[in-house]
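The values are calculated or read from the model by the stated rules, or taken from the named source; none is laboratory data. Computed from a predicted structure; not experimentally measured. So basically every Cβ, Gly included, is an ideal-geometry build from the backbone, and we count neighbours across all protein chains shown. Note: areas computed on protein heavy atoms with side chains; ligands, DNA, RNA excluded. Shrake-Rupley method; radii C 1.70, N 1.55, O 1.52, S 1.80 Å.
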Amino acid sequence: MAELLAPEFEYVPTGAFVGVRETTAGPKGFMRFLQSFWSEFDQPSIELRQATAVGEQVVTWATFTGRGAQSRAETSLDLWILWTLSDRKVIGGRAFRNRTDALAAAGVSE
């Protein structure tokens, strides 16, 4: 996956998870973010439900599920991520808790 990310890639999480609020910079930073995030869960999974192209951007809808490694609590979260592309590389990702906000950030309405 890292090979798809531009050197200037930045990812902005939703802030929905405790301790996951800071923008992540660069492919290596994003990979560290993913490793850290996934390590908090037993049997994590993500299901891509939809991808919508909007010019040089793509809005994806995915459902994350998992069980907290420490709490053992089951969790499920829908995320919409606005991915920005340039020169066949992903230069940014910004996560949202709902489709309306993701599409608005892409400059379109439902």
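The table below lists the values:
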| item | result |
| --- | --- |
| When residues of segment 92-110 are limited to those that are without any contact (Cβ under 8 Å) to a residue 60 or more places away in the chain and assigned to a loop (DSSP other than H, G, I, E, B), the one least open to solvent (accessible area, probe 1.4 Å) | ALA106 |
| Number of the condition not met by GLU8 [criteria: (1) in contact with a Gly (Cβ under 9 Å, 6 or more places away or on another chain); (2) modelled with pLDDT of 95 or more; (3) surrounded by 14 or more Cβ atoms within 10 Å (Cβ to Cβ)] | (3) |
| LEU77 vs. criteria out of contact with any Asp or Glu (no Cβ under 6 Å at 6 or more places or on another chain), open to solvent by less than 40 Å² (accessible area, probe 1.4 Å) and of a type in the set (A, V, I, L, M) | yes |
